Amino acid sequence: MQTDQTGRSSAAKKWLIGCGIGCGVIIVIAALLVTLGVLYVRNLVEGFKDSEVMLEALTERFGEISDYTPEPTGRIAPERVEAFLTAREATAAERDKIAKSIQLLSDEEDAQIDVESAGGVLQKIKMGFGLIPQLADFFKARNQALLDVGMGLGEYTYLYTIVYFAWLEKPVSDGPSVRITGENQEIRTRRWENEQEARELSEDITLRRLHRMLLPILRNQLDRLMQDMPPAAGQDWKDALSAEVAAMEADRYRLAWQDGLPDIIASSLEPYRARLEAGYDRWLNAIEFSFEQ
């Protein structure tokens, strides 16, 4: 029994690490939940345990994130873009709940929720407690959706990165600039004292993490291209991919294709621009790729 509880706690901890700016909110609330009842925490950890079981199934089926190899010609097949969209659309309800909770906790100017009408501080605390099980539900739904469409986390991460950062030019630092502090036995939210510095730190961490995941993927693609050199792959594409890999090897903060996507990739995505744009939520950006293998 002791070993089982330790394993479950470890599973939950792995999901809570690395969420980026604003995830101090999650960790503080998680600690407070322990004082409110063992049963609640046990059910919560079970949710993350389910997510980890699905993650293990994804890894067993598709390999590690760094194992993924994109099409060597650079082209993204329509059925792969459809699979990506289907997986994201399958988690729309879970993502919407999390976004609303984060907006209420953030008090940012573009938040669509009025804190006063929502019940003030008490409502914030309620939403804060609800955020963690919502995250568990999201990861569980995301992993199940990927299994359903036949897509591994490597391909998902590759597509998310090039679609939203390299192509649609969404800020890597997108996410809430909020933290929760406990002072004098009170729970309250506040912005970072130096918000610009906090966002820059968050962006650096995110860039290094994405670089660590994406560089092996592009190397895999280049290796396959050099081995097979399919007729559809022209010299321009070969040169572009070689240059991008070299640039990423020279700069650990470089985002894949940060200077713009080659036409062969962009043209594969263009027919889906509206749906891909509609599927992005800045509030969820820091959480979208918060997973460990």
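The values are calculated or read from the model by the stated rules, or taken from the named source; none is laboratory data. Here the structure is a predicted model, which is why all the values come from computation and not from measurement. Quick reminder, even Gly has a Cβ in these numbers, built from the backbone with ideal geometry, and neighbours come from all protein chains shown.
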Exercise. Is it fair to say L210 is at pLDDT 95 or above and either among the hydrophobic types (A, V, I, L, M, F, W, C) or surrounded by 13 or more Cβ atoms within 10 Å (Cβ to Cβ) (or both)?
Worked result: no
For this session: Scan the range 250-278 for residues that are within 19 Å of T206 (Cα to Cα) and either among the hydroxyl-bearing types (S, T, Y) or surrounded by 13 or more Cβ atoms within 10 Å (Cβ to Cβ) (or both) and jot them down.
Result: Y253, R254, L255, A256, W257, Q258
Problem set entry | Residue satisfying all of: in the range 76-91; in contact (Cβ under 8 Å) with a residue 60 or more places away in the chain, among the small types (G, A, S) and under 15 Å from N143 (Cα atoms); surrounded by the most Cβ atoms within 10 Å (Cβ to Cβ) among these | A87
For this session: Considering each of T181, T161 in turn, give the residue that is at pLDDT 80 or above and not in a loop (DSSP other than H, G, I, E, B).
Result: T161
For this session: Output yes when any residue across the range 277-286 is free of Cβ contacts under 8 Å to residues at least 40 places away in the same chain and over 21 Å from L85 (Cα atoms), and no when none is.
Result: no
